[in-house]
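S.K.: Got a structure for you, questions after.
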Amino acid sequence: MIKKVRLLVIGLVVSGIALLSSPLPVNASDEVPRTNMREPISYTKSSEVKPYPKHLSAKKDRIIVSLKKQRAYLKRGKKTRYEFYVSTGAHNQTPRGHYRINTYRAPWFYSASEQMGARYAVGFLQGGLYLFHENPRTLQHKTIKSVAKNLGKKPTSHGCVHLSTSDARWFYHHAPTGMRVIIK
């Protein structure tokens with residue numbers, strides 16, 4: 001009997017059936033890995049390989065930025081509508097808290113003090129001081145690849161939330177003023 005049990009256990013392990021599974025998320029802040037994420041990460045293309053969601057609502061939708069995971073989640077209720085690869089502030093420069101998308105929008109900006117700019121900027125705190133925008137660019141509009149290559153991997157910004165070019169363009173055109181932003 002013991003030999004039969006050992007053979008059964010060995011057979012299950014060899015065939016790839018796990019006897020122990022990881023627990024399901026306990027609360028809404030735990031995220032289940034999504035199957036639509038683009039691999040490898042692209043700093044120019046959309047984060048997911050599926051189409052962007054339609055009809056965003058300032059009242060129903062919110063964006064949750066995970067500083068730990070370098071991801072942003074567009075949520076409606078408990079459902080994640082879209083997941084973005086992001087890069088947030090190095091040295092904890094992105095402020096944690098609850099905010100709202102404000103009226104600041106810029107198709108292009110440039111900071112002489114930081115010697116970088118970006119397209120598709122959308123403000124969420126103090127007017128245009130803290131933004132969602134594409135990866136930074138030089139004054140000549142060339143992507144700073146040394147920063148962009150870390151999208152979704154580690155914090156690299158001065159406090160803003162970097163998105164891929166495609167994600168930033170979509171967010172710029174579709175994120176409604178007043179939509180909640182939660183950074184944790």
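The values are calculated or read from the model by the stated rules, or taken from the named source; none is laboratory data. Because the structure is predicted, anything quoted here is derived from the model rather than measured. A quick note on method: Cβ atoms are made from the backbone with ideal geometry, for glycine too, and the neighbour counts reach across all protein chains shown. Please note that ligands, DNA and RNA were not included when accessible areas were found on the heavy atoms of the full protein model with its side chains. Shrake-Rupley method; radii C 1.70, N 1.55, O 1.52, S 1.80 Å.
S.K.: Assigning unit charges at the beta carbon (Lys, Arg +1; Asp, Glu -1) and nothing else, what dipole magnitude in debye, to the nearest 20, does segment 48-126 show about its Cα centre?
M.R.: Working: 17 positive and 4 negative charges, 132 e Å.
Magnitude of the dipole: close to 640 debye.
S.K.: Using the eigenvalues of the Cα gyration tensor, what equivalent ellipsoid semi-axes result for segment 89-145 when each is taken as the square root of five times the eigenvalue, whole Å, largest first? Write down the numbers at each step before the final one.
M.R.: Numbers: eigenvalues 82, 38, 16 Å².
Semi-axes (√(5λ), whole Å): 20, 14, 9.
S.K.: When 1/r is averaged over all different Cα pairs and the result inverted, which Kirkwood radius in Å belongs to segment 30-104? Each step should come with its number before you reach the end.
M.R.: On the way: mean 1/r = 0.0728 Å⁻¹.
13.7 Å is the Kirkwood radius here.
S.K.: If you don't mind, another one. What area, in nm² and to one decimal, does the C-alpha convex hull of segment 88-184 cast on average over all directions? Don't skip to the answer; put the middle values down first.
M.R.: Details: hull surface 22.9 nm².
In nm², the orientation-averaged hull projection of segment 88-184 is 5.7.
S.K.: Can I ask one more? What net charge do the residues around Tyr52 carry, taking every other residue with its C-beta under 11 Å from that of Tyr52, with Lys and Arg at +1 and Asp and Glu at -1? Intermediate values should be presented prior to the final figure.
M.R.: Working: positive: Lys50, Lys54, Arg81, Arg169; negative: Glu48, Asp167.
Cβ neighbours under 11 Å give a net charge of +2.
S.K.: Arg71's amide H: which non-local residues (gap 5+, or another chain) put their own amide H closer than 5 Å, with H modeled 1.01 Å from N in plane and none for Pro or chain starts?
M.R.: Ser66, Val86
S.K.: Set the Förster radius R0 to 35 Å, insert the Cβ-Cβ distance between His141 and Lys78 as r into 1/(1 + (r/R0)^6), and round the FRET efficiency to 0.05.
M.R.: Values: r = 40 Å, r/R0 = 1.14.
That pair, His141 with Lys78, gives E of 0.30.
S.K.: Here's another thing I want to ask about it. Can you give the accessible area per residue of segment 57-184, in Å², using a 1.4 Å probe?
M.R.: Working: 6020 Å² over 128 residues.
Here the residues of segment 57-184 average 47 Å² of exposed surface.
S.K.: Place a label point 7 angstrom from the Cα of Leu129 along the Cα-to-Cβ direction, then list the residues of segment 157-180 whose backbone nitrogen is under 16 Å away.
M.R.: 158-161
S.K.: Run the numbers for Trp108 and Asn36: contour at 0.36 nm per residue of separation, minus the present Cα-Cα distance, in nm.
M.R.: Values: separation 72, 0.36 × 72 = 25.92 nm, distance 2.95 nm.
Once the chain is fully extended between Trp108 and Asn36, it gains 23.0 nm.
S.K.: Something else about it: Taking the Cα atoms of segment 29-158, report the difference between the largest and smallest coordinate on each principal axis, in whole Å and largest first.
M.R.: Result for segment 29-158: principal-axis Cα extents of 41, 33, 28 Å.
S.K.: FRET efficiency for Gln93 and His55, Cβ-Cβ distance as r, R0 = 22 Å, nearest 0.05? Mind dumping the intermediate values first?
M.R.: Values: r = 33 Å, r/R0 = 1.50.
Result of the calculation: an efficiency of 0.10.
S.K.: Which residue, chosen from Tyr52, Pro95, Ser42, occupies the Cα position most advanced towards the positive end of the dipole of segment 34-117, where the dipole is computed from +1 (Lys, Arg) and -1 (Asp, Glu) charges on Cβ about the Cα centre?
M.R.: Of Tyr52, Pro95, Ser42, it is Tyr52.
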